[in-house]
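Report on the following structure.
The values are calculated or read from the model by the stated rules, or taken from the named source; none is laboratory data. These numbers come from a predicted model, not from an experiment. No Cβ is skipped: glycine too gets one built from the backbone with ideal geometry, and neighbour counts run over all protein chains shown.
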Amino acid sequence: MDKPRVLFLCTGNSARSQMAEAILKKYAKNQFEIFSAGLEPKEINPLTLDVLTEAEINTEGLYSKPLSTFLGKTHFSYMITVCSNAEERCPVFPGMGLRMHWSFEDPAAFEGSEKKKLEKFREIRDQIEERILFWLDELDITYSN
């Protein structure tokens, strides 16, 4: 039987949705097929990769993708928006199962020194990880560390 598919969606697919994809893969890649996309995809923010790598979360295979890659082509059991803009603008499309919204602040929009920006990316990474682990507990899914 096919694994349930999960799509994380945000505006740029450069930070939050990439973090969510990588973090869920870390804990439950054997339980789901996991993807991310953006409404207006941009290159992955280098700080995204930095904070994932420092937390020993694999970034191999991550790249920015437009929602059109999946729109009407792939069935998702779960579609999770991770920013308010994506939640407001994302169309309902065929093949979408349960739609959820987990709002996280955009770390790329934070202004400050490089050190402060890195701290903001870490904070959002940790919030996303906490939310994913809570969700896996809600689903009663055994996950690995």
Odd one out for CYS10, checked against (1) at pLDDT 95 or above; (2) surrounded by 19 or more Cβ atoms within 10 Å (Cβ to Cβ); (3) touching a helix residue (DSSP H, G or I) at 6+ places or on another chain (Cβ under 6 Å): (1)
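Which helices (runs of 4 or more DSSP H) sit wholly inside the stretch 38-145 and have at least 2 residues that are free of Cβ contacts under 8 Å to residues at least 40 places away in the same chain and within 12 Å of GLN18 (Cβ to Cβ)?
By residue number, 46-54.
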Leading residue by the ranking (farthest from LYS73 (Cα to Cα)) among those in the stretch 1-24 that are under 13 Å from the mean Cα position of the chain (by Cα) and without any contact (Cβ under 8 Å) to a residue 60 or more places away in the chain: ALA22
Residue in the stretch 25-38 that is more than 15 Å from the chain's Cα centre (by Cα), surrounded by fewer than 19 Cβ atoms within 10 Å (Cβ to Cβ) and of a type in the set (D, E, K, R) present: no
Residues being at pLDDT 95 or above and under 29 Å from ASP140 (Cα atoms) - total across the stretch 61-75: 1
Residue that is surrounded by the most Cβ atoms within 10 Å (Cβ to Cβ), among those in the stretch 98-138 that are more than 17 Å from ILE57 (Cβ to Cβ) and of a type in the set (A, V, I, L, M): ALA108
